[in-house]
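Quick notes on the structure that follows.
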Amino acid sequence: MGDSRSFGSKGPARPHLISGVGGLKGEIADLRTDVDTSFTSLETEVRGHVYPQAEMQIDGAPTEGDVVVIGDDTYEFVDAAGNGVVSGGIEVVFTDAADALTGIVAAINTLGTEKVVASVANTDYLHIEAADKRGGTPVPVPGPDIELDETFDSDDAVWNVENLNVYLTAEVKKVTIKIVVDADMLAGAFDIVVPFSAKLATCTIVTDAAGALDGTKAADVNGNLTPDEDNNLVNVDMSGGGAAPVATDIVYIDVVGL
């Protein structure tokens, strides 16, 4: 039969591989400990960066008089400046859905009283996060008691939560991905895998290799992000040319999940 034997059958023991402080068994145990520790650290970091947030999709032009409520602030859409808003309201002038989104983001970040920061996510979502001040820097849990409401006559735009304090108990996750663009990324779409179900993805910053900001490129990337909740990933497409990034640019993408 020779020296051949099936996998798992008994063979000559090799003590230096299965015992001893410097043996392979000890090295494997150390490696497993390192991996477990690193994963636990990553999980803790991800869970620790929980940002109270909410979003609504505005994919059609509002009707004049439609309102968005964030705590004590009421934002009312009007066709032209000075058309009149509800008492104490903040007017948002619009001509189409894109105007409505950029207008309300600017109003929230500059005219509101609540400590939130607004942005446009995934092209047609109004996204807000609890912040250290109006239009400021997002802050993690606990969530503030800020009630959310809306009235849209011709659109089904609704907040996904009724109060930012829902995140006192909800398990929300957020990570920021830094990408240094190379030729392969520009050749076609690619996926970013995250350790949770990806709900929203937003390109926050694009810079060149020297750190100079380029808001046009950021907008281009932002319009080509596709979160995949079922597969824990975000599809990114920077192959369209035009205002897309170029090799050596640096792209920052925020991914949040519930």
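The values are calculated or read from the model by the stated rules, or taken from the named source; none is laboratory data. Just so we're clear, the structure is a prediction, and the values are computed from it rather than from any experiment. Cβ placement follows ideal geometry from the backbone for every residue including glycine, while neighbour counts extend to all protein chains displayed.
Take T137 and decide whether it is in the same structural domain as D79 (by TED's automatic domain parsing), exposed (fewer than 14 other Cβ atoms within 10 Å of the Cβ) and over 30 Å from T248 (Cβ atoms).
Values: in the same structural domain as D79 (by TED's automatic domain parsing): yes; exposed (fewer than 14 other Cβ atoms within 10 Å of the Cβ): yes; over 30 Å from T248 (Cβ atoms): no.
It is false that T137 is in the same structural domain as D79 (by TED's automatic domain parsing), exposed (fewer than 14 other Cβ atoms within 10 Å of the Cβ) and over 30 Å from T248 (Cβ atoms).
Out of the strands (runs of 3 or more DSSP E) lying entirely within the range 160-258, which hold 2 or more residues that are buried (at least 19 other Cβ atoms within 10 Å of the Cβ)?
Working: elements: 173-180, 190-193, 200-207, 225-228, 233-236, 250-257.
Result: 173-180, 200-207, 225-228, 233-236, 250-257.
Name the residues in the range 58-82 that are in contact with a Gly (Cβ under 9 Å, 6 or more places away or on another chain) and not aromatic (F, W, Y), would you? Spell out the reasoning first.
At the first step, the residues of the range 58-82 found to be in contact with a Gly (Cβ under 9 Å, 6 or more places away or on another chain) are 67, 70-78.
Result: V67, I70, G71, D72, D73, T74, E76, V78.
For the range 39-59, check the following and say yes or no: at least one residue is at pLDDT below 95 and over 22 Å from the mean Cα position of the chain (by Cα). So that I can check it myself, show each step before the final result.
Taking the range 39-59 first, the residues at pLDDT below 95 are 39-59.
From what is left, the residues that are over 22 Å from the mean Cα position of the chain (by Cα) are none.
For the range 39-59, residues at pLDDT below 95 and over 22 Å from the mean Cα position of the chain (by Cα): absent.
Please go through the range 112-134 and pick out each residue that is in a loop (DSSP other than H, G, I, E, B), farther than 12 Å from I70 by Cβ and either in contact with an Asp or Glu (Cβ under 8 Å, 6 or more places away or on another chain) or not basic (K, R) (or both).
If we filter the range 112-134 for residues that are in a loop (DSSP other than H, G, I, E, B), which is where we start, we get 112-115, 122-124, 132-134.
From what is left, the residues that are farther than 12 Å from I70 by Cβ are 122-124, 132-133.
Result: N122, T123, D124, D132.
Any residue at all in the range 82-96 that's under 28 Å from V234 (Cβ atoms), touching a strand residue (DSSP E or B) at 6+ places or on another chain (Cβ under 7 Å) and part of a strand (DSSP E or B)? Outline the logic, then answer.
Going through the range 82-96, the residues under 28 Å from V234 (Cβ atoms) turn out to be 96.
Retained after the next criterion (residues that are touching a strand residue (DSSP E or B) at 6+ places or on another chain (Cβ under 7 Å)): none.
The answer is no; no qualifying residue exists.
So G89 passes all but one of these: (1) at pLDDT 75 or above; (2) within 29 Å of the chain's Cα centre (by Cα). Which condition number does it fail?
Here G89 meets the rest and fails (2).
Sort out which residues of the range 115-130 are surrounded by 19 or more Cβ atoms within 10 Å (Cβ to Cβ) and either among the β-branched types (V, I, T) or more than 15 Å from the chain's Cα centre (by Cα) (or both), and write them in order of number.
Passing the criteria: V116, V117, V120, I128.
Out of curiosity, is G71 on the phi > 0 side of the Ramachandran plot and either at pLDDT below 90 or in the same structural domain as G215 (by TED's automatic domain parsing) (or both)?
Details: on the phi > 0 side of the Ramachandran plot: yes; either at pLDDT below 90 or in the same structural domain as G215 (by TED's automatic domain parsing) (or both): no.
No, not satisfied.
Counting just the residues of the range 47-81 that are of a type in the set (D, E) and either part of a loop (DSSP other than H, G, I, E, B) or without any contact (Cβ under 8 Å) to a residue 12 or more places away in the chain (or both), which one comes out surrounded by the most Cβ atoms within 10 Å (Cβ to Cβ)?
Quick first cut of the range 47-81, residues of a type in the set (D, E) only: 55, 59, 64, 66, 72-73, 76, 79.
Still in the list and also either part of a loop (DSSP other than H, G, I, E, B) or without any contact (Cβ under 8 Å) to a residue 12 or more places away in the chain (or both): 59, 64, 66, 72, 79.
Values: D59: 12, E64: 14, D66: 22, D72: 11, D79: 13.
Once the filter is applied, the top-ranked residue is D66.
Do the conditions hold for G88, that is, is it small (G, A, S) and more than 19 Å from I253 (Cα to Cα)? Break it down into steps so the answer makes sense when it comes.
On the way: small (G, A, S): yes; more than 19 Å from I253 (Cα to Cα): yes.
Here the answer is yes, as G88 does meet what is asked.
For the subset of the range 94-108 comprising residues that are of a type outside the set (G, A, S) and farther than 14 Å from V69 by Cα, which member is surrounded by the most Cβ atoms within 10 Å (Cβ to Cβ)? If you could, list the steps in order and put the result at the bottom.
Keep residues of the range 94-108 that are of a type outside the set (G, A, S), which gives 94-96, 99, 101-102, 104-105, 108.
Those still in the list that are farther than 14 Å from V69 by Cα too: 94-96, 99, 101-102.
On the way: F94: 22, T95: 11, D96: 10, D99: 15, L101: 25, T102: 13.
For the range 94-108, the residue satisfying everything is L101.
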